[in-house]
Amino acid sequence: MAADVVCIASWNADLTSRVAGPLARGETVAAASFDIGPGGKGSNAAIACARQGARTAVIARIGSDEFGAMALRLWRDEGIDASQVEQAAGERSGVAQILVYDDGDNSIAVAPGAGAGLGAAQVLRSREAIAAARVVMASFEVPLAATLAAFDLARAAGVTTLLNPAPARALPTELAALCDVLTPNEIELRALAGLGAAAPLHEAAQALLARGPRAVLVTLGAAGCRLWTRTGVASALPGWPIERVVDTVGAGDTFTGALAAALARGLALQAAMAHANAAAALSVTGRGAIGGMPDLAQVDALLARRDAAR
Ligand code: RIB
């Protein structure tokens, strides 16, 4: 069965320690806890998308180690089509070393492992799945050649392209021209636009829109999100008040995945943005990248609370 959303996906095993706050250079501290769990910006977004009800497929490259087996089990359990995943013999899977602080914020170092070998040839073998999808999404955690090949196929077939430009890096002109929607955070937006840290968000968004994307949707953490489009629409949504932020790892991925699912369901960009904003807020209430990721019923229930309060 064709997938609604195809994700060019990174996969990492997240090795997470909880500590009070950021470490000083050379400092050693005792961690309050340690967990090994699922991660990778692409896999996280695909899971968020599937939990929002979209038929989701991943195109990924993983290792032949225990973490690769963990990915295959996870995608099967989440109902994600992993038939186009390549398991590279003798290679290690991606790993992310994560520190989560008492306030829920984090620092992450990623070693992509087998994921670094995901290339255009593997993507081209999935051309039918891409052309049959409604949305194709990727992040900067997979090699650019793979994303370019996928977005090229998607554009030719009239499929919406969605890029989470994380972690921050420069956006090549040819890729900018193939993106329909970008979901950077504030830091990534300014990096993509080539502007300094003090540049107003509006200015950075306009600079980016001039390079090709139809829309730029900036995630602002607890402050919600803002949207700018080429047709002149500018709108903002406040964040949802969350009583206790447990872990913000994966919140941006949840936003992108939930947005993809909502767009694939046929929602207009502003309605899809409300779903993504609510899903991302709920995601910070659980541990690990996918621990708090909601399903569609939970997102609908949260959105209904705001409607009822109006
Ligand atoms: O966005 C969060 C993700 O970034 C983590 O799951 C980690 O694997 C890194 O890819």
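Worth a mention:
- Note on segment 169-212: residues that are closer than 27 Å to residue 156 by Cα and in contact (Cβ under 8 Å) with a residue 40 or more places away in the chain amount to 4.
- For residue 292: the one exception among (1) at pLDDT 95 or above; (2) over 19 Å from residue 101 (Cβ atoms); (3) touching a Leu at 6+ places or on another chain (Cβ under 9 Å): (2)
- Here residue 193 meets the list (1) in contact with an Asp or Glu (Cβ under 6 Å, 6 or more places away or on another chain); (2) buried (at least 22 other Cβ atoms within 10 Å of the Cβ); (3) over 24 Å from residue 122 (Cβ atoms) almost entirely, failing just condition (1).
- Scanning segment 85-105 for residues that are within 11 Å of the ligand (Cβ to nearest atom) and surrounded by fewer than 18 Cβ atoms within 10 Å (Cβ to Cβ) yields a total of 1.
- For first residues located in segment 10-24 and assigned to a loop (DSSP other than H, G, I, E, B), partners that are not small (Gly, Ala, Ser) and lie 6+ apart or on another chain with Cβ distances below 6 Å form the pairs 10/41; 10/141; 10/142; 11/62; 19/29; 19/99; 20/102; 21/101.
- Taken over segment 150-170, the criterion of being within 16 Å of the ligand (Cβ to nearest atom) and polar (S, T, N, Q) is satisfied by 164 alone.
- Scanning segment 16-57 for residues that are of a type outside the set (Lys, Arg), away from the ligand (no atom under 14 Å from the Cβ) and on the phi < 0 side of the Ramachandran plot yields a total of 20.
- Selection status of residue 258, touching a His at 6+ places or on another chain (Cβ under 6 Å), part of a helix (DSSP H, G or I) and over 19 Å from residue 106 (Cα atoms): yes
- Within segment 196-214, restricting attention to residues that are assigned to a helix (DSSP H, G or I) and in contact with a Lys or Arg (Cβ under 7 Å, 6 or more places away or on another chain), the residue that is surrounded by the most Cβ atoms within 10 Å (Cβ to Cβ) is 204.
- Against the numbered list (1) within 14 Å of the ligand (Cβ to nearest atom); (2) in contact with a Ser or Thr (Cβ under 8 Å, 6 or more places away or on another chain); (3) assigned to a strand (DSSP E or B); (4) over 26 Å from residue 259 (Cβ atoms), residue 138 comes up short only at (4).
- Those residues of segment 141-162 which are under 23 Å from residue 186 (Cβ atoms), touching a residue at least 40 places away in the same chain (Cβ under 8 Å) and not in a helix (DSSP H, G or I), in sequence order: 141, 142, 162
The values are calculated or read from the model by the stated rules, or taken from the named source; none is laboratory data. It should be emphasised that the depicted structure is a prediction, and the values quoted were computed from it without experimental measurement. Positions of Cβ are backbone-derived with ideal geometry, glycine not excepted, and every protein chain shown enters the neighbour counts.
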